[in-house]
Amino acid sequence: MRLICSPSHPLAAQKRVSWAQLQTQRWVMPPPWATSRTKLHQLFYKNRLNPPTDCLESASYLATLAFVQTQNAVGFVARNVAQHLHAQGLVQVLPVALPMELPPIGLMLLAGQSPSVATLKLLACLREVAQGWEK
């Protein structure tokens with residue numbers, strides 16, 4: 001995971017960004033139910049700060065990009081997404097360590113509903129590929 005901002009954001013040119021500086025920014029964060037949101041909040045608490053209150057919520061990296069560019073916000077995206085957007089000149093990756101363990105993929109199912117045949121096939125394929133990576 002990486003933190004991003006627009007190339008014109010005041011933090012974009014800094015060689016080091018502190019958690020205190022990040023706390024005062026407008027943010028695009030994952031929704032409250034997302035594990036990554038909890039992990040991000042824990043990093044603020046670890047730095048003896050409350051998480052920012054000026055937040056937009058999105059699970060979409062495209063919406064995050066739009067808010068980062070139009071609202072001068074700091075966004076929280078996957079490393080590969082941040083690298084791709086940076087290579088396109090769309091964002092600056094902030095120099096902040098994010099020591100957190102997150103799985104590379106996740107899937108949520110609705111409680112009380114049986115998965116469709118297509119969903120079951122997708123799950124089987126994902127498990128097969130994942131087993132190949134573990135070897």
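Taken together, the values in this text are just the output of simple stated rules run on the coordinates, not laboratory data. None of these values were measured; they are calculated from a predicted model. Cβ sites come from the backbone with ideal geometry, for glycine too, and all protein chains shown count toward neighbours.
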Going highest first, how would you order 89-97, 61-69 by mean Cβ packing within 10 Å?
61-69, 89-97
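Using the Kyte-Doolittle scale, which helices in the chain average at least -0.5 and also have C-alpha atoms spread 20 Å or more along the helix axis, with helices defined as whole DSSP H runs?
Span-like helices here: 117-134.
State to the nearest 20 debye the size of the charge dipole of the range 2-93 about its Cα centre, where the only charges are +1 on K and R beta carbons and -1 on D and E beta carbons.
Magnitude of the dipole: close to 360 debye.
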Options (1) 46, 23, 19; (2) 26, 17, 14; (3) 30, 17, 15 for semi-axes √(5λ) of the Cα gyration tensor in Å; the value derived from the coordinates is listed as (3)
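Just from its helices, what would the mean residue ellipticity at 222 nm be for the chain, if runs of 4 or more DSSP H residues each count -39500 (n - 2.57) and the sum is divided by every residue, rounded to the nearest 500 deg cm²/dmol?
Numbers: 5 runs with 54 residues, N = 135.
It lands at -12000 deg cm²/dmol.
Quick one: net charge around residue 93, please, counting Lys, Arg +1 and Asp, Glu -1 for every other residue with C-beta under 14 Å from its C-beta.
On the way: positive: 2, 15, 16, 79; negative: none.
Every neighbour counted, the sum reads +4.
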Positive-end residue of 85, 95, 70, charge dipole of the range 36-103 with Cβ unit charges:
95
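Throw me the Rg/Rh for the range 5-57, computed over C-alpha atoms with Kirkwood Rh, two decimals. Kindly include the intermediate steps, with their values, before the conclusion.
On the way: Rg = 11.5 Å, Rh = 11.9 Å.
Rg divided by Rh gives 0.97.
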